[in-house]
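One structure is given below, encoded as structure tokens.
The values are calculated or read from the model by the stated rules, or taken from the named source; none is laboratory data. Computed from a prediction, not measured in an experiment: that's the story for all the values here. Here the Cβ positions follow ideal geometry from the backbone for every residue, glycine too, while neighbour counts run over all protein chains shown.
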Amino acid sequence: MAKPVLFVTRRLPASIEALAEQGYEARLTASEVAIPDLLARADGADAILCCPGDLLDAKTVAALPGSVKVIGTFSVGLDHIDLAAAKARGIKVCNTPDVLSVATAECAMLLLMAAARRAGEGERLVRSGKWAGWAPTQLLGTGLSGQRLGIFGMGRIGREIARMGRGFGMEVHYRDMTRMPSQLELGAIFHDNDDSFLPLCQFLSMNAPGGDGTMHWLNQERIAKLPFGAVVANAARGTLVDDTALIAALRSGQIAAAGLDVYNGEPRLNAEYLTLENVVLLPHLGSATTTTRDAMGQVVLSGIGAALVGETPSNLVG
């Protein structure tokens, strides 16, 4: 019996490409960036394994070959796929839930710590050859211990950040649509409105999903409600941040420092960030550990395979 044809849009970890070749007639791609001929490469494929940055909007989904029955994405996020268009075509969609929560939470904590302790400035100082040695007033930052940590979006990643924050002795507050059961809160304090939440956030981690409901959530109005000198991090979606407002706050000191792993329109980003010393910039590394990326590949390939034979995998989202 012939294997189903799987078109893979990006280069994947070697172990996952090997797994794809075991179960499918895999059309692998050598490029690590988005390819321009996605539709042509998908011709005759039973399934597509795409990545964030591969835009499958309504127009693209409508133009997919009739052979395509399943789209799998190497991500939890689905912002790049028009789910309604896929449903209209009868195309199933799978993602990679659960397996990247810890890695992404670690990245968010890295951003908070690096921004608060001015690690980016320090690293650049040493590399420049201008470091003159230890000094009592050099690059004074803010410690995490005893500070209040606000988490916007208390899903799986948010809960992992809360766990890590408690390990640093931080008081955890969270903002979400609904309150979690006490066994999940573990002492975290729920807020159902910005006015009670934001003024407490000496540190703020954004972990909400993207979409119209959270578009530019961190805007000028909300930034003004934060304590002066707050530290913020975004390892979720670039669309959560109004770049113009954040840059202005970093310049004024309203926000002392920021750590960003995701951006509006990435891989492009607002060039003004590059002029600021008090922002740490990472290239979307949230899930970038070997173990996590292998687990993501295994989950999405399993979901694609199940959906192709008419089963309902746990990671089926549409």
Checklist entry - Counting just the residues of the range 248-280 that are outside any loop (DSSP other than H, G, I, E, B) and touching a residue at least 60 places away in the same chain (Cβ under 8 Å), which one comes out surrounded by the most Cβ atoms within 10 Å (Cβ to Cβ)? => result 257
Checklist entry - Does the range 124-139 include one or more residues that are of a type in the set (Ser, Thr, Tyr) and closer than 30 Å to residue 240 by Cα? => result no
Item to check | Those residues of the range 133-185 which are in a helix (DSSP H, G or I) and hydrophobic (A, V, I, L, M, F, W, C), in sequence order | outcome: 157, 161, 162, 164, 184
Item to check | Residues of the range 299-316 satisfying the condition of being out of contact with any Asp or Glu (no Cβ under 9 Å at 6 or more places or on another chain) and under 27 Å from residue 111 (Cβ atoms) | outcome: 300
Checklist outcome for this item: Taking first residues from the range 217-234 that are in contact (Cβ under 8 Å) with a residue 24 or more places away in the chain and second residues anywhere that are of a type in the set (Phe, Trp, Tyr) and buried (at least 18 other Cβ atoms within 10 Å of the Cβ), the pairs with Cβ under 8 Å that are 6 or more apart or on different chains are 217/152; 230/203; 231/203; 232/203; 233/203
Checklist entry - Of the residues in the range 173-199, how many are surrounded by 13 or more Cβ atoms within 10 Å (Cβ to Cβ), more than 19 Å from residue 240 (Cβ to Cβ) and of a type in the set (A, V, I, L, M)? => result 3
Item to check | Subset of the range 1-32 that is assigned to a loop (DSSP other than H, G, I, E, B) and surrounded by fewer than 13 Cβ atoms within 10 Å (Cβ to Cβ) - its residue that is farthest from the chain's Cα centre (by Cα) | outcome: 1
Next on the checklist: Return the residues of the range 108-132 that are under 21 Å from residue 250 (Cβ atoms) and assigned to a loop (DSSP other than H, G, I, E, B); say none if nothing qualifies.
Outcome noted: 117, 118
Checklist entry - Looking at this structure, is residue 245 buried (at least 17 other Cβ atoms within 10 Å of the Cβ), touching a Ser or Thr at 6+ places or on another chain (Cβ under 8 Å), not in a loop (DSSP other than H, G, I, E, B) and not assigned by TED's automatic domain parsing to the domain that holds residue 16? => result no
Checklist entry - Listed residues 142, 104; which is closer than 14 Å to residue 285 by Cβ and either of a type in the set (S, T, N, Q) or exposed (fewer than 15 other Cβ atoms within 10 Å of the Cβ) (or both)? => result 104
Checklist outcome for this item: Over the range 71-107, the set of residues assigned to a loop (DSSP other than H, G, I, E, B), of a type in the set (Val, Ile, Thr) and either modelled with pLDDT of 95 or more or more than 24 Å from residue 164 (Cβ to Cβ) (or both) is 91, 96, 99
